[in-house]
Each structure stands twice: as C-alpha cells, then as structure tokens.
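One structure is given here, and the rest of the page talks about it.
The values are calculated or read from the model by the stated rules, or taken from the named source; none is laboratory data. If you're wondering where the values come from, they're calculated on a predicted model, not measured in any experiment. We place every Cβ from the backbone using ideal geometry, glycine too, and count neighbours over all the protein chains shown. Each accessible area value is taken on the protein alone, full model and side chains, heavy atoms only, with ligands, DNA and RNA left out. Shrake-Rupley method; radii C 1.70, N 1.55, O 1.52, S 1.80 Å.
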Amino acid sequence: MRQAVISGVRQAKLVEVPDPQPKEDWALVKVHASALCTEYKAYWVGHKVPVMGHEGAGEVVAVAQPGPVEVGDRVVILPQYPCGKCSLCMAGDYVYCENCYDFEEFVGTRDGSGTFAHYTLKPAWLLPKIPEDVSYARATMAIDGIGASFGAFQAIDVGALDTVLITGLGPVGLGAVANARFRNARVVGVEPVPWRRDRAKQMGAEVVFDPEDPDLVGKIRELTGGKGVDCAVDCSGKVQAERLCIDSTRRRGRVAFVGESRDQLPIRVSPDLIRKGLTVVGSWLYNMGDFPKVMQVIQESPLIDLLISHEMGMSQIREAFELLASGQAAKVVVDPWK
Ligand SMILES: [Zn+2]
Ligand SMILES: [Zn+2]
C-alpha cells in the first residue's frame, strides 16, 4: 500500500509499504478520506514522521475474528489505540486511556497506524458506522473537525441562551463555530488570520476580533451588556487567548480549554476562579456515547460544507500541508487513493 511520509523540511512524499494484516479483535480499514490536523507543523520543520494521520473514515475490508464490524461496513476510524478494558474505556472516555496499545509491539511495524495511507488497522470497537447519507469526507469531521469542540460544548453545556467566545479559529475553532451555531448560541470569535476571520463570519460568528486589539475584554463586555460572555472555548492553545477566556467570561460562567499548549497560564485562584465562581474544564475529544450526536451535527449542519474548505488527493499531500500552514484553509481532507 501507499502512505504519506515527511521526508525533509517542507518535504513530503508517498512510499510503498506492505499491506497491514489484522489480528485478534482488530480490523483492516480501506481509508477513503482523512482530514489533516497538526501534521503540517512537523512538515514545516522537517521532523521526519514515518506514519501520519488520525482523522479517517473508510470501509472495513478484513477482520481477524467476528466482532462489532463486518467487511463492507462504512466506518469512522476513531483515534488512538486504547486498551478497551479499563474503566475509562468502558465508560466511553477511551481517549483518556492510560493503557494504550504499543502499536509497533502489537503489530510488528508502525505501518498501518496512520490514516494518510491506503489502509489502516484499528480495534474493531473503535469503528462506529457512518449513516448512508454521510460521505466519507464529511464523516472525518467526527474526529477533530466537529468532535474536538463537541466534547467541550457538552462539558460546559452551551445552548441557545448563551453567548460563547471562541478563541483561535483554525480548523478546530471553525468546527466550534459550527457546533455553537448548531446549538443556536451567539458567537464572538478571536483570530489573527483574516481568511479565518472571514470564514468564521460566513459560518455565523456575529463578531470576530483580532487578538492584537488593545481593548478586547472591554469590547467583549460591551457586546454582553457589561457582563462578559456566558462561556468561552479556547481552540488556539495560546496563553494570551486562554487568559482572555478567563477575563471575558461573566461571573458563574464556564470556560473550556481545547487548544493544546505546553506553556504556562498563570491563574490567580481568588479573583479568577473563586470570586467569579467560574467553571473551568479541559476537554479532549468527546465521550464515545456521544458519537450519534456528533454525527447528527455532521448530517444536519449546513456549515459542514464551509468547515471542509478543501478536498484533494493524497498525491497532493505537500500542497495540502502548504495550504494548511498558510492559514487559508479550514479542514483539508485527502483521499489516499487519488
Ligand atoms: Zn486531529
Ligand atoms: Zn483503556
């Protein structure tokens, strides 16, 4: 089979590797669509990643033993290799599993662990079915396009009575706009890249500010009768934006962090949390029990067509990375067979 690899600084290519084979309760999936995520960062600096892609959808082509999927099933390929046995996995919070498989040890090679490839291997229980009327490309939005922020929206219970601040309107943040509008919440966005600000407005954000605006907190307060937003979701992973979420949210409001960061956000427990009665949560994807709801957003939201800004063949993987790195794209989906 063919799979994409990063071969140098701003270099990526396709290589031939042996087709992976399923064993035990794993299945082999022919990948028909895979959405790009943060892989372009490795591409940009030339970190030679041999296997990539964690947002896929495809068709089951082989199973090692009877189980929850059959050959021919159209499925979403959920990320990671959780154990399936621990209490977190049992509760649907598999993304937080602490006993994930060592793929290479279990399979004997790393090939087959990515979705920028013709085929990928996955424990069969992580392959929920795609409704007939949903294309493979749209189904990939069930991972980070719609899914990443969906978990946060569930955690802080965003609804039609809420004004929600969304900071960072890259692919995940634009997915958050789609989730917010699906719930009829009012959206205020913050994003430095003009293309993304425009796309967020097309998707129904009422106002989108530049993070360099010197009086952001004041302007956000002005939009909300002086109180601040009801909820905030950071999708940027930038400390400045994380701070803004806390400062712009009203008393008794809710804040969710989705964007990943290794930088430190200083929090003053009394004024930031106690005196405001703020609820602050971190959220990584969503509980598996919510998969049908995520799929409902994908089926019914008219904004998915704007969330998927580009579909291309995996043979154009370099162009796809360049596009994403330029900021002139929302979700970019590749077809490994083209
Ligand atoms: Zn992702
Ligand atoms: Zn587990």
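Table for the structure above
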item: Qualifying position, being touching a Cys at 6+ places or on another chain (Cβ under 8 Å) and either away from ligand 2 (no atom under 16 Å from the Cβ) or within 24 Å of Val333 (Cβ to Cβ) (or both), among Tyr40, Tyr94, Tyr81; result: Tyr81
item: Residue count for the stretch 262-307, restricted to those that are assigned to a helix (DSSP H, G or I), touching a helix residue (DSSP H, G or I) at 6+ places or on another chain (Cβ under 6 Å) and farther than 29 Å from Val76 by Cα; result: 1
item: Matching residues in the stretch 102-147 - criterion: being part of a helix (DSSP H, G or I), buried (at least 23 other Cβ atoms within 10 Å of the Cβ) and of a type in the set (Ser, Thr, Tyr); result: Thr140
item: Options Ser7, Ser87, Ser113: the member that is more than 18 Å from Leu324 (Cβ to Cβ) and either more than 16 Å from ligand 1 (Cβ to nearest atom) or among the basic types (Lys, Arg) (or both); result: Ser87
item: Tally of residues being open to solvent by 30 Å² or more (accessible area, probe 1.4 Å) and part of a loop (DSSP other than H, G, I, E, B) across the stretch 207-235; result: 8
item: So Gln80, is it open to solvent by 50 Å² or more (accessible area, probe 1.4 Å), within 16 Å of ligand 1 (Cβ to nearest atom), farther than 19 Å from Pro292 by Cβ and modelled with pLDDT of 95 or more; result: yes
item: Condition check for Ile156: more than 16 Å from Leu306 (Cα to Cα), away from ligand 1 (no atom under 15 Å from the Cβ) and open to solvent by 10 Å² or more (accessible area, probe 1.4 Å); result: no
item: Some residue of the stretch 63-77 being within 16 Å of ligand 1 (Cβ to nearest atom) and under 23 Å from the mean Cα position of the chain (by Cα); result: yes
item: Residue count, the stretch 289-338 (criterion: of a type in the set (A, V, I, L, M, F, W, C), within 17 Å of Arg10 (Cα to Cα) and surrounded by fewer than 17 Cβ atoms within 10 Å (Cβ to Cβ)); result: 1
item: Any chance Gly204 is at positive phi, in contact (Cβ under 8 Å) with a residue 60 or more places away in the chain, in a loop (DSSP other than H, G, I, E, B) and open to solvent by less than 50 Å² (accessible area, probe 1.4 Å); result: yes
item: Every residue from the stretch 210-240 that is within 16 Å of Val177 (Cβ to Cβ) and touching a Leu at 6+ places or on another chain (Cβ under 6 Å); result: Val229, Ala232
item: Number of the exception - Thr140 against (1) among the hydroxyl-bearing types (Ser, Thr, Tyr); (2) closer than 18 Å to Leu285 by Cα; (3) within 11 Å of ligand 2 (Cβ to nearest atom); result: (3)
item: Scope the stretch 43-68; condition part of a loop (DSSP other than H, G, I, E, B), crowded, with 20+ Cβ neighbours inside 10 Å and among the hydrophobic types (A, V, I, L, M, F, W, C); matching residues; result: Val51, Met52
item: Residue list for the stretch 245-258, restricted to those being outside any strand (DSSP E or B), open to solvent by 20 Å² or more (accessible area, probe 1.4 Å) and either of a type in the set (Phe, Trp, Tyr) or touching a residue at least 40 places away in the same chain (Cβ under 8 Å) (or both); result: Val258
item: Pairs where the first residue, in the stretch 278-301, is closer than 19 Å to Gln80 by Cα and the second is among the small types (Gly, Ala, Ser) and open to solvent by 40 Å² or more (accessible area, probe 1.4 Å), C-beta under 6 Å, 6+ apart; result: Ser283/Ala155
